[in-house]
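*Asks:* Sharing a structure below in structure tokens format, with a few things to ask.
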């Protein structure tokens, strides 16, 4: 009899703990009544990783499994393109950027491509075998010019269409899980294990290392509209620089929603609202600087991890924005 009571007690205890834990991961955020996003399906199993436009209407999305698609209507519709690449290699196209007709693609393994006619034709370039790391981010900087960063934190500049590359740092930062560049040329990177991050300002040739702010490993970092940093850490934590120019000074953790999924990206739209995206269709927005948040109803319906948020402005289309999801899922900003 005692065994029976002991068994029943343990069973009730397990159920109680389970209910308690499930309560910890249940969102209490309200769902917004409307959404500025339109859901698109690229009809591919590949993951879109980046988008670049040569003008307000024409651009490309690139991604895993050699994914490259083209739009001529600002991203409303997309058509598959192909690149003249070796058939025996499964390239991951990770970065695309344009400045007018001057376009560049960076991919892995060891891929850089250049176009001078807005992507009608692409030329594969030969990189040095001793290049530290794999191409990770490329920024078009005008006629025949680009800046290339690798996933080891090496940065190179070309001004002759990629025939020659000049190193901008004296040593690489080491293996990184994420690396980003501001419009002013500042870089941030996160170490492969997320235990520290590094910064590189224009004119510096050595990465400056900074320890993480808490025991939570850093997921990614980026730049706020004012140039200060934001940080996303494990445990669905968001932090913002709270002292201008001090990358060691961070706000208390902001945890908009605890649903068991980490955030994977953060971005500001042109009205100043903050968007956070993450696993299993997590997409939340704050219109008051992070004080309160709402769930986006379109994002929450996506059967996909949402991995990247992109916003840009141009003179003909004040707001252009996309949320990139896995397996061909894409959200387009419609306002």
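Values quoted throughout were computed directly from the atomic coordinates according to the rules given, and no laboratory measurement underlies them. No experiment lies behind these values; they were computed from the predicted model shown. Quick reminder, even Gly has a Cβ in these numbers, built from the backbone with ideal geometry, and neighbours come from all protein chains shown.
*Asks:* When ranked by the protection proxy of mean other Cβ atoms within 10 Å per residue, highest first, what sequence do the peptides 159-166, 299-306 form?
*Replies:* 299-306, 159-166
*Asks:* Moving on. Compute the separation of the alpha-carbon centres of the stretch 206-256 and the stretch 87-145 and state it in Å as a whole number.
*Replies:* Distance between centres, Cα-based: 30 Å.
*Asks:* Right, something else. If every alpha-carbon in the stretch 31-123 counts as one equal scatterer, what log10 I(q)/I(0) does Debye give at q = 0.16 1/Å?
*Replies:* -0.64
*Asks:* Using the scaling law 2.2 N^0.38 Å as the reference, what is the normalised Cα Rg of the stretch 257-335? Provide the component values of the computation, followed by the final result.
*Replies:* Numbers: Rg = 12.2 Å, N = 79, 2.2 N^0.38 = 11.6 Å.
The reported ratio for this selection is 1.05.
*Asks:* Hey, what did the chain get for relative contact order, percent, Cα under 8 Å, at least 6 apart?
*Replies:* For the chain, the relative contact order is 14 percent.
*Asks:* Can you quote the Å³ per residue value for the convex hull of the Cα atoms in the stretch 83-172, rounded to an integer?
*Replies:* Dividing the Cα hull volume of the stretch 83-172 by its residue count gives 81 Å³.
*Asks:* Based on the mean of other Cβ atoms within 10 Å per residue, sort peptides 269-276, 95-102 so the most packed one is first.
*Replies:* Values: 269-276: 17.6, 95-102: 19.1.
Highest-to-lowest ranking by the protection proxy: 95-102, 269-276.
*Asks:* For a bin width of 5 Å, list the pair-distance distribution of the stretch 194-335 built from all Cα-Cα distances, rounded to whole %.
*Replies:* That works out to 2, 9, 19, 22, 20, 15, 9, 4, 1, 0, in percent per bin.
*Asks:* Which whole-number value in Å³ per residue fits the convex hull of the alpha carbons of the chain?
*Replies:* Working: hull volume 58.4 nm³, N = 335.
Measuring per residue, one finds 174 Å³ for the Cα hull of the chain.
*Asks:* Now, a different point. In terms of the Cα gyration tensor, with a ≥ b ≥ c the square roots of its eigenvalues, is the stretch 111-233 rounded because a/c is under 1.5, prolate because a/b exceeds b/c, or oblate? Don't skip to the answer; put the middle values down first.
*Replies:* On the way: a/c = 2.10, a/b = 1.79, b/c = 1.17.
Because a/c hits 1.5 or more and a/b exceeds b/c, the stretch 111-233 counts as prolate.
*Asks:* Another question, if that's okay. How large is the helix-only mean residue ellipticity at 222 nm for the chain, computed as the sum of -39500 (n - 2.57) over DSSP H runs with n ≥ 4, divided by its residue count, in deg cm²/dmol to the nearest 500? The partial results should precede the final answer.
*Replies:* Details: 1 runs with 23 residues, N = 335.
Counting only the DSSP helices, I get -2500 deg cm²/dmol.
*Asks:* Of the residues 154, 46, 32, which exhibits the maximal mean-square fluctuation in a Gaussian network model of the chain defined by a 10 Å Cα contact cut-off?
*Replies:* 32
*Asks:* A further question on this structure: How large is the Kirkwood hydrodynamic radius of the stretch 214-268, counting all unique pairs of alpha carbons, in Å?
*Replies:* Computed over Cα pairs of the stretch 214-268, the Kirkwood hydrodynamic radius comes out at 11.4 Å.
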